[in-house]
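The values are calculated or read from the model by the stated rules, or taken from the named source; none is laboratory data. These numbers come from a predicted model, not from an experiment. Neighbour counts are summed over all protein chains in view; Cβ atoms, including those assigned to glycine, are modelled from backbone coordinates with ideal geometry. Remember, those area values only see protein heavy atoms, side chains included, never the ligands or the DNA or RNA. Shrake-Rupley method; radii C 1.70, N 1.55, O 1.52, S 1.80 Å.
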Amino acid sequence: MAEIKVLALDLDGTLTNSQKEITPRTRAALDAAIAKGVTIVLASGRPTAGVLPLAKELGLDKKGGCILSYNGGKIIDCRTGQTLVQHAFPADLIEPVCTFSRYWNVVPLTYDKNGIVTEVPDAPYVLEEARINKIPVRKVENLPAEVTCPINKLLLTGDPADMPHVEELMQQEFAGKLSICRSAPFFIETMPLGVGKDTSLEILLRAKGLTPANLMACGDGWNDLPMIRLAGMGVAMGNAQPPVKAAANYLTADNDHDGVGLAVEKFILNEET
């Protein structure tokens with residue numbers, strides 16, 4: 001197996017436990033991996049602002065590392081704040097996606113530099129996104145009219161019972177125009193075509209003179225599938241969705257039992273656990 005030089009970690013359901021905390025054992029394993037020269041990439045559907053506190057907690061602002069946010073829409077260097085990869089959402093598709101969302105009774109949202117922007121700020125899963133990221137929500141009358149600067153993604157939120165059907169309809173409606181996947185039972189991520197955690201990680205690896213063989217990726221959700229398939233070592237959490245487990249090279253413990261820490265100990269620190 002090639003030496004692992006880059007470690008891509010999903011956050012919710014992967015790096016953090018049910019309390020949204022990084023456990024001490026996982027934290028110690030990551031510190032040891034960083035000391036070995038491994039680049040940590042926090043790879044999330046979250047906006048950059050929602051990932052920054054965890055990056056800071058791991059000391060990536062001082063030790064180095066990257067934030068892959070918006071499900072691959074953007075990658076920044078934690079130490080310098082420099083944008084390494086950026087994909088803008090097609091401006092002409094913002095209105096059609098919002099119209100589609102309203103018709104199927106799901107609530108679209110996007111982000112500005114301060115937080116979440118949406119037409120329905122008190123929708124339950126909009127509030128969940130605000131809670132996960134610890135960012136405020138701003139109400140607007142007309143979301144497409146409010147989007148003046150480039151955005152990286154639109155997030156659709158709605159009842160988990162409806163979302164598989166809505167996602168299927170969206171895939172048909174915007175085929176060949178957008179990349180669409182679920183990141184949680186109540187979230188559908190819509191990104192520029194071809195954008196995912198995998199495509200942005202590939203750009204980052206190339207810039208470092210590395211290949212996917214040097215990548216280990218850990219995840220649990222549908223939107224983690226592309227990077228799990230890409231990585232030389234794709235690791236599924238014990239709590240992962242069945243397709244993620246099927247695609248992975250290795251199945252670790254769940255996010256409440258140091259799943260990431262155990263996998264890092266085994267494959268990067270080469271410790272028999």
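Filtering region 53-79 to residues that are closer than 18 Å to Gly221 by Cβ and of a type in the set (Gly, Ala, Ser) leaves Ser69, Gly72, Gly73.
The set of residues from region 210-224 being in a helix (DSSP H, G or I) and either of a type in the set (S, T, N, Q) or surrounded by 24 or more Cβ atoms within 10 Å (Cβ to Cβ) (or both) comprises Asn214, Asn223, Asp224. In the set Asp159, Asp122, only one residue is in contact with a Phe, Trp or Tyr (Cβ under 8 Å, 6 or more places away or on another chain), open to solvent by 20 Å² or more (accessible area, probe 1.4 Å) and either under 21 Å from Lys197 (Cβ atoms) or in a loop (DSSP other than H, G, I, E, B) (or both); that residue is Asp159. Within region 130-169, restricting attention to residues that are under 22 Å from Asp112 (Cβ atoms) and β-branched (Val, Ile, Thr), which residue is modelled with the lowest pLDDT? Within region 130-169, the match that is modelled with the lowest pLDDT is Thr148. Residues of region 165-209 that are small (Gly, Ala, Ser) and surrounded by fewer than 20 Cβ atoms within 10 Å (Cβ to Cβ): Ala175, Gly176, Gly194, Ala207, Gly209. The single condition among (1) at pLDDT 95 or above; (2) closer than 21 Å to Leu11 by Cα; (3) open to solvent by 20 Å² or more (accessible area, probe 1.4 Å); (4) in a strand (DSSP E or B) that Leu42 does not satisfy is (3). Does Leu230 qualify as being open to solvent by less than 30 Å² (accessible area, probe 1.4 Å) and over 14 Å from the mean Cα position of the chain (by Cα)? Here the answer is no, as Leu230 does not meet what is asked. Is it fair to say Ala246 is open to solvent by 20 Å² or more (accessible area, probe 1.4 Å) and either hydrophobic (A, V, I, L, M, F, W, C) or modelled with pLDDT under 95 (or both)? Criteria met by Ala246.
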